[in-house]
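Report on the structure given below.
The values are calculated or read from the model by the stated rules, or taken from the named source; none is laboratory data. Predicted model only: the values in this text are computed from it and were never measured. Neighbour counts are summed over all protein chains in view; Cβ atoms, including those assigned to glycine, are modelled from backbone coordinates with ideal geometry.
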Amino acid sequence: MQSFNSSRNFSPVRDFNATDFGIGERKPLITSQSVVKKSDMSTIALDAARRIREIQRAKEEALEAVSENEISREIQTIKRELETNRTHTLMMRLDAAKAKLKTDKPASYTKAIKLVSRYAATEEHRLKFVSDHEEIKALAIMAVIQVEAMMDRLPHSYSLGKDHPETPLKDAVVTDHVRRLTDLRRHLDARAQTLDETRNSSLHSMASAHPVLKEIVERCNAGELPEDGTLIIMSSRNHYLAPMGSKSPHFIEVQRLKSGGVGADGAGFNRFAQDLNHISGAIIMRPIYDENGEPLQVPSKSQNGKPVFRKQVVDIIGTVPSTVMPGLDFLQILRRFKPAD
């Protein structure tokens, strides 16, 4: 009896006899080695396709953010002109620009810088999987052209900030485009870090000057906010603060405040900068748990598909409506204190 591991079973160049198939023609054996090679080739092709999709998606998102910044700057320019020259033509230009932007919220310059950096990083990553020197050079040249074109559309993108001189990156004579791509990505990372640090410093000053925001930070630092807690900010106009056009409030997650501070990656205090004079208090909530210690879910889900948990009030900060007290279900807050249309 032939052994399963015999050399005959794994010979790379053996044909079965016609009788092996019960028919009158000979067919080549599909060996385990050929299957492995085909499998490897399929995996390589799938990985390459995935990388191309990631690059394309990163490029599209970066271009969208750059375009939003251009339109947002155009809107601000038109508004300044309207202060001294309110003409029908300018009003039409303003309406057209707003329609293109599709939101009244100013576009984030820092976000655009970060997305251009991410696109550069995906192009860098692609080069690691290319072995042909000429192909690497061609891909790097095209990537540098794309990144520099995006940076040219973002003011001051070649500068690290007001305390730093202009970097030698703009209009440089390039002999090594792979190195150039890396230099651009590193510069954009440094630029984003400088912007984040400046903004966070401003937000800390803002939080220190406002009694409600200050108490939120102090109670968080003292460990007096629940680990699974969420806060919403109340306005003196008797509603909670929410994104423009939305009935869902701006949420402050305690865990994000602890790990990311007051900035956009943490509590997101930047969202309240335009409403400081109207902030009257904050409501602290926790999930409602069942008898097994599991949080109760709301039947619907959030826009990103994540489960939504029922919450109830556990404490308040500052001044909030008198009907808001511990034990009140968050659904009641949504019904009673949503922003006006």
field: Candidate set from the stretch 58-69 (those that are more than 17 Å from Glu123 (Cβ to Cβ) and surrounded by fewer than 17 Cβ atoms within 10 Å (Cβ to Cβ)); member that is nearest to the chain's Cα centre (by Cα)
entry: Glu64
- line: The one condition Thr84 fails out of (1) within 22 Å of Val174 (Cα to Cα); (2) outside any helix (DSSP H, G or I) is (1)
- request: Take Glu124 and decide whether it is of a type in the set (Asp, Glu), under 25 Å from the mean Cα position of the chain (by Cα) and at pLDDT 85 or above.
  value: yes
So Arg14, is it modelled with pLDDT of 85 or more and surrounded by 10 or more Cβ atoms within 10 Å (Cβ to Cβ): no
- prompt: In the stretch 188-212, how many residues are touching a residue at least 12 places away in the same chain (Cβ under 8 Å) and more than 16 Å from Val116 (Cα to Cα)?
  reply: 10
Residue among Phe251, Phe309 that is under 24 Å from Pro211 (Cβ atoms), in contact (Cβ under 8 Å) with a residue 12 or more places away in the chain and surrounded by 14 or more Cβ atoms within 10 Å (Cβ to Cβ): Phe251
- prompt: Out of all the residues in the stretch 128-145, is one or more under 24 Å from the mean Cα position of the chain (by Cα), closer than 28 Å to Ile52 by Cβ and in contact (Cβ under 8 Å) with a residue 40 or more places away in the chain?
  reply: yes
field: Matching option when the condition is of a type in the set (Gly, Ala, Ser) and not in a loop (DSSP other than H, G, I, E, B), among Ala107, Ala121
entry: Ala121
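Okay, residues lined up against (1) under 12 Å from Met150 (Cα atoms); (2) among the hydrophobic types (A, V, I, L, M, F, W, C):
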site: Leu63; (1), (2): yes, yes
site: Ile75; (1), (2): no, yes
site: Leu82; (1), (2): no, yes
site: Met92; (1), (2): no, yes
site: Lys100; (1), (2): no, no
message: Residues that are modelled with pLDDT under 90, assigned to a helix (DSSP H, G or I) and assigned by TED's automatic domain parsing to the domain that holds Val324: does the stretch 231-251 have at least one?
response: no
- prompt: Going by the structure shown, is Ile288 in the same structural domain as Ile232 (by TED's automatic domain parsing), at pLDDT 90 or above, of a type in the set (A, V, I, L, M) and more than 22 Å from Glu218 (Cα to Cα)?
  reply: yes
- prompt: With respect to Asn270, is the statement that it is touching a helix residue (DSSP H, G or I) at 6+ places or on another chain (Cβ under 7 Å), closer than 26 Å to Ser201 by Cβ and assigned to a helix (DSSP H, G or I) true?
  reply: yes
field: Lone unmet requirement of (1) closer than 30 Å to Leu195 by Cα; (2) exposed (fewer than 14 other Cβ atoms within 10 Å of the Cβ); (3) modelled with pLDDT of 85 or more for Gly293
entry: (1)
